[in-house]
Amino acid sequence: MEHVRPSTLDEALEGLAAPDAKALAGGQSLLPVMKLRIVRPSVLVDIGRLELGGVHMSENELRLGALTTWNELESAQELERPALAALAECASGIGDLQVRNRGTLGGSLAHADPASDMPAVVLALGAQIVLRAASGERTVSAEEFFLGPFTTALGPAELITEVVFPLVEGSGSAYVKVEHPASGFALAGAAAVVRPDGGQSVALTGMGGQAFLLASDANPVDALPDAEIYGDRFAPVEYRRHLAGVVARRALDRARERMEGTGE
Ligand SMILES: Cc1cc2nc3c(=O)[nH]c(=O)nc-3n(C[C@H](O)[C@H](O)[C@H](O)COP(=O)(O)OP(=O)(O)OC[C@H]3O[C@@H](n4cnc5c(N)ncnc54)[C@H](O)[C@@H]3O)c2cc1C
């Protein structure tokens, strides 16, 4: 296996054009699957030197670079505002300190583990994901991005460069999960956004092949029987369905409290 460490985006995209090339960000998901020989890249393109980090806030939107780590998200002052609090709250509950120091936003979204936390938050906040290939740039909505377990709209020679969140002033957001006691991944996780016009969005993760948005403005518990829910030895279907209702209600309540300024 070849290991390259490009210093520009163009060089990285050139490296990714090789058959079976893989981008390496924080390595917290890729290295475990390489150790298990599930993935055997011909070229490992370490993107750690690229300038793809940072929390950039403007009047109408928040832009997060793909290499922004969980640690950076949980400590970013910009994410203290109620509208974006779900991002920091979610990041602070991922893995342990080491995982949060290395793991990146782009790596998590690209990996698309059905039990990972952040996909629910990007869905509920209505984020757009910016993808770059040698042929150019395109933007896909979070809803279009996740296609199934470990499957996304990302092409083999494409990189996530940043994730863009619309800023709805006056709204509140929250992320709540019941975590697997050993791994910390979500047995059931819910991200909620409540808007001053009365609108709300709820997205669930850990419950099916991919994170998904509940029908807009529906009572999340009523909407659940239509959702495909996984059962396994840690959480059978009925228990997971119950957890889904609990985390969705808690996330909505917390998001509303933040919007009204009555919560933390
Ligand atoms: C012990 C442990 C506990 C964890 N607990 C949790 C948890 O509770 N919740 C949770 O959600 N996650 C958890 N994780 C996963 C963690 O969040 C990972 O950091 C994350 O899933 C992947 O990010 P990474 O930067 O490490 O990506 P990498 O491992 O480097 O890459 C993962 C995949 O994404 C691709 N990739 C990386 N960056 C890009 C990019 N910019 N564009 C395109 N493709 C890219 C890689 O090619 C690879 O296929 C845990 C991991 C560990 C090891």
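The values are calculated or read from the model by the stated rules, or taken from the named source; none is laboratory data. Owing to the predicted nature of the structure, the values given are computational and were not obtained by experimental measurement. With ideal geometry, Cβ positions are generated from the backbone for all residues, glycine too; neighbour counts draw on all protein chains shown.
Just a yes or no: is a residue in the range 151-164 part of a helix (DSSP H, G or I), over 25 Å from PRO181 (Cβ atoms) and acidic (Asp, Glu)?
Scanning the range 151-164 turns up no residue that is part of a helix (DSSP H, G or I), over 25 Å from PRO181 (Cβ atoms) and acidic (Asp, Glu).
For GLY93, are the conditions met, namely being under 30 Å from GLU169 (Cα atoms) and touching a strand residue (DSSP E or B) at 6+ places or on another chain (Cβ under 6 Å)?
no
Answer yes or no as to whether ASP222 is at pLDDT below 90, in a helix (DSSP H, G or I) and exposed (fewer than 15 other Cβ atoms within 10 Å of the Cβ).
So ASP222 fits the description; yes.
Would you mind stating whether GLU59 is more than 30 Å from SER135 (Cβ to Cβ), charged (D, E, K, R) and modelled with pLDDT under 95?
yes
Residues that are farther than 16 Å from PHE185 by Cβ and among the charged types (D, E, K, R): list the helices (runs of 4 or more DSSP H) wholly contained in the range 103-147 that include at least 2 such residues.
Output list reads 142-145.
Please go through the range 36-60 and pick out each residue that is within 20 Å of PRO149 (Cα to Cα) and loosely packed, with under 14 Cβ neighbours inside 10 Å.
Residues satisfying the conditions are LEU36, ARG37, ILE38, ARG40.
Restricted to the range 129-159, and to residues that are more than 10 Å from the ligand (Cβ to nearest atom) and in contact with a Pro (Cβ under 8 Å, 6 or more places away or on another chain), which residue is nearest to ALA255 (Cα to Cα)?
If we take residues in the range 129-159 being more than 10 Å from the ligand (Cβ to nearest atom) and in contact with a Pro (Cβ under 8 Å, 6 or more places away or on another chain), then ALA142 is nearest to ALA255 (Cα to Cα).
So in the range 20-37, with the set limited to residues that are over 15 Å from THR69 (Cβ atoms) and not in a helix (DSSP H, G or I), which one is farthest from the ligand (Cβ to nearest atom)?
Here the residue is ARG37.
Pick from the range 172-194 the residues that are surrounded by fewer than 24 Cβ atoms within 10 Å (Cβ to Cβ) and hydrophobic (A, V, I, L, M, F, W, C): which of them is farthest from ARG250 (Cα to Cα)?
Only one residue tops the list, namely ALA182.
Of everything in the range 47-74 that's in a loop (DSSP other than H, G, I, E, B) and under 13 Å from LEU167 (Cα atoms), which residue is nearest to the ligand (Cβ to nearest atom)?
Restricting to residues being in a loop (DSSP other than H, G, I, E, B) and under 13 Å from LEU167 (Cα atoms), the top hit is SER58.
Has the range 61-81 got at least one residue that is surrounded by fewer than 22 Cβ atoms within 10 Å (Cβ to Cβ), in contact (Cβ under 8 Å) with a residue 24 or more places away in the chain and of a type in the set (A, V, I, L, M, F, W, C)?
Among the residues of the range 61-81, not one is surrounded by fewer than 22 Cβ atoms within 10 Å (Cβ to Cβ), in contact (Cβ under 8 Å) with a residue 24 or more places away in the chain and of a type in the set (A, V, I, L, M, F, W, C), which makes the answer no.
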